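*Asks:* Starting off with a structure, shown below.
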Amino acid sequence: MSSRYTGPIIDAHHHLWDLSLGRHPCLTSDDGAIRPLGDIGYLRQNYLMSDLLADIGSQNVVGSVYIEATWDRARPPVEEVDWLESLVRPDRIAARCIAWAPLKSPAAAASLDALAEHPCVVGIREIVRWHPDPAKRWTEAGILDDPAWRRGFGHLRAHSLVLEILMNPYQAWDVARLADDFPDQIIVINHCGAPIDRDAEGLARWEDGLALMGERENIAIKLSNFGAYGQDRSLEALRKTVMTCIEAFGTSRAMFGSDYPVGRRNLSYQENCERFKDIVETFSAQEQRALFHDNAARYYQFGEA
């Protein structure tokens with residue numbers, strides 16, 4: 001008989017930033033690439049290790065994965081990793097890093113070589129959030145099929161790096177094709193695949209895309225910021241988002257993440273953890289531990305707890 005989860009947690013997705021460094025133009029500019037997020041005033045303050053630890057509070061978080069935070073793309077990507085490693089990181093908090101690299105650039109291989117010299121770096125994130133509505137569009141279309149991008153992407157396997165993708169449901173078919181063309185490459189989808197279109201057609205597109213990607217064994221999904229979609233924060237609505245993802249990927253290729261501090265707009269850190277425990281309580285103890293800890297430990301090379 002299953003019971004409520006009390007075991008260890010790895011937060012598979014969070015950010016940190018120090019705006020005094022002047023390295024986060026997307027956060028400080030009103031015309032940055034992340035403007036489709038809407039009012040980001042609540043993000044325009046430092047979010048440092050002490051803030052993350054305060055948000056974690058009494059939750060049994062034993063490790064976490066730092067995700068690149070749109071560090072100035074004109075700067076060497078390794079600069080962000082150097083900054084991360086300069087921080088005091090208790091235990092295994094922010095012990096792993098998903099960095100950024102200019103995969104479309106001729107400098108992609110050299111950037112990846114430099115990043116791979118840092119043992120904390122276990123992957124690279126690419127943002128491919130094209131949408132037909134310009135107000136919801138972060139990037140151009142077709143990035144994952146671009147030959148130059150694919151040449152850079154092809155270097156990830158040499159360093160055993162995963163590819164993380166921040167996408168919209170419109171990119172699901174591109175992601176599935178990429179997974180088919182590179183079957184040995186692990187791909188991790190961020191934020192439940194971002195079901196931002198809440199009408200019937202949009203939700204069907206999201207569900208169909210999840211099912212398609214879930215058929216590829218080399219694609220996993222992070223259930224990060226699962227409270228971000230729609231205005232309904234009821235447990236029933238949150239469960240629908242999470243369970244749709246788990247139904248597509250299973251309990252061995254899905255994992256918990258907070259997306260803090262971005263996720264603060266929707267749920268407190270404590271609510272993120274507690275509502276996720278509510279949602280997965282019917283799973284076996286082994287499956288709950290997989291979703292909260294073991295899958296992230298495997299994908300991000302944490303080793304044994």
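*Asks:* Do you know which residues across the range 133-171 are among the aliphatic types (A, V, I, L, M), under 17 Å from Gly209 (Cα atoms) and at pLDDT 95 or above?
*Replies:* Leu144, Ile165, Leu166, Met167
*Asks:* Related question: Given (1) at pLDDT 95 or above; (2) of a type in the set (Ser, Thr, Tyr); (3) under 19 Å from the mean Cα position of the chain (by Cα), where does Ser111 come up short, assuming only one miss?
*Replies:* Checking Ser111 against (1) at pLDDT 95 or above; (2) of a type in the set (Ser, Thr, Tyr); (3) under 19 Å from the mean Cα position of the chain (by Cα), the one that fails is (3).
*Asks:* Then there is this: In this structure, does Trp83 turn out to be of a type in the set (Phe, Trp, Tyr), surrounded by 15 or more Cβ atoms within 10 Å (Cβ to Cβ) and without any contact (Cβ under 8 Å) to a residue 40 or more places away in the chain?
*Replies:* Numbers: of a type in the set (Phe, Trp, Tyr): yes; surrounded by 15 or more Cβ atoms within 10 Å (Cβ to Cβ): yes; without any contact (Cβ under 8 Å) to a residue 40 or more places away in the chain: no.
Here the answer is no, as Trp83 does not meet what is asked.
*Asks:* Name, by its number, the condition in (1) under 24 Å from Pro119 (Cα atoms); (2) among the small types (Gly, Ala, Ser); (3) modelled with pLDDT of 95 or more that does not hold for Ser284.
*Replies:* (1)
*Asks:* Tell me the residue from Leu37, Leu48 that is more than 18 Å from the chain's Cα centre (by Cα), surrounded by fewer than 19 Cβ atoms within 10 Å (Cβ to Cβ) and among the aliphatic types (A, V, I, L, M), please.
*Replies:* Going through Leu37, Leu48 in turn, the sole match is Leu48.
*Asks:* Among residues belonging to the range 216-235 that are at pLDDT 95 or above and charged (D, E, K, R), point out the one that is surrounded by the fewest Cβ atoms within 10 Å (Cβ to Cβ).
*Replies:* Applying the filter and picking the extreme gives Glu217.
Here's the yes/no breakdown for (1) more than 18 Å from the chain's Cα centre (by Cα); (2) surrounded by fewer than 18 Cβ atoms within 10 Å (Cβ to Cβ); (3) closer than 22 Å to Leu156 by Cα:
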position: Gln59; (1), (2), (3): yes, yes, no
position: Pro90; (1), (2), (3): yes, yes, no
position: Pro106; (1), (2), (3): yes, yes, yes
position: Pro119; (1), (2), (3): yes, yes, yes
position: Glu126; (1), (2), (3): no, no, yes
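*Asks:* Go through (1) within 18 Å of Leu161 (Cα to Cα); (2) surrounded by fewer than 21 Cβ atoms within 10 Å (Cβ to Cβ) for Trp100 and report which single condition fails.
*Replies:* (2)
*Asks:* Among (1) exposed (fewer than 14 other Cβ atoms within 10 Å of the Cβ); (2) among the hydrophobic types (A, V, I, L, M, F, W, C); (3) within 21 Å of Asp11 (Cβ to Cβ); (4) at pLDDT below 95, which single condition is Ala74 missing?
*Replies:* (3)
*Asks:* Hey, can you tell me all the residues within the range 274-305 that are within 18 Å of the chain's Cα centre (by Cα), closer than 19 Å to Arg96 by Cβ and in a helix (DSSP H, G or I)?
*Replies:* Residues satisfying the conditions are Ala290, Leu291, Phe292, His293, Asp294, Asn295, Ala296, Ala297, Arg298, Tyr299.
*Asks:* Which pairs turn up if I take residues in the range 38-49 that are touching a residue at least 40 places away in the same chain (Cβ under 8 Å) and closer than 13 Å to Cys26 by Cα and look for partners that are surrounded by 10 or more Cβ atoms within 10 Å (Cβ to Cβ) and among the β-branched types (Val, Ile, Thr) with beta carbon separation below 7 Å, at least 6 apart in sequence or on another chain?
*Replies:* Pairs that qualify, where the first residue is touching a residue at least 40 places away in the same chain (Cβ under 8 Å) and closer than 13 Å to Cys26 by Cα and the partner is surrounded by 10 or more Cβ atoms within 10 Å (Cβ to Cβ) and among the β-branched types (Val, Ile, Thr), are Leu43/Val262.
*Asks:* If you don't mind, another one. Take Leu84 and tell me if it is in a loop (DSSP other than H, G, I, E, B), touching a strand residue (DSSP E or B) at 6+ places or on another chain (Cβ under 8 Å) and either polar (S, T, N, Q) or within 24 Å of His159 (Cα to Cα) (or both). Reasoning before the result, please.
*Replies:* On the way: in a loop (DSSP other than H, G, I, E, B): no; touching a strand residue (DSSP E or B) at 6+ places or on another chain (Cβ under 8 Å): yes; either polar (S, T, N, Q) or within 24 Å of His159 (Cα to Cα) (or both): yes.
So Leu84 fails the test.
*Asks:* For residues in the range 252-270 being part of a loop (DSSP other than H, G, I, E, B) and small (Gly, Ala, Ser), which is farthest from Glu287 (Cα to Cα)?
*Replies:* As a first pass, look at the range 252-270 and keep what is part of a loop (DSSP other than H, G, I, E, B): 252-253, 256-259, 261, 266-268.
When the remaining residues are screened for being small (Gly, Ala, Ser), the result is 252, 257-258, 268.
Numbers: Ser252: 8, Gly257: 16, Ser258: 19, Ser268: 24 Å.
My answer is Ser268.
For (1) of a type outside the set (Asp, Glu); (2) under 23 Å from Cys273 (Cβ atoms), each residue gets a yes or a no:
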| site | (1), (2) |
| --- | --- |
| Ser64 | yes, yes |
| Thr70 | yes, no |
| Glu85 | no, no |
| Ile93 | yes, yes |
| Ala107 | yes, no |
| Leu115 | yes, no |
| Pro119 | yes, no |
| Ile127 | yes, no |
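The values are calculated or read from the model by the stated rules, or taken from the named source; none is laboratory data. This one's a predicted model, so the numbers in the text were calculated from it and none came from an experiment. Note: ideal-geometry Cβ built from the backbone for every residue, glycine included; neighbour counts use all protein chains shown.
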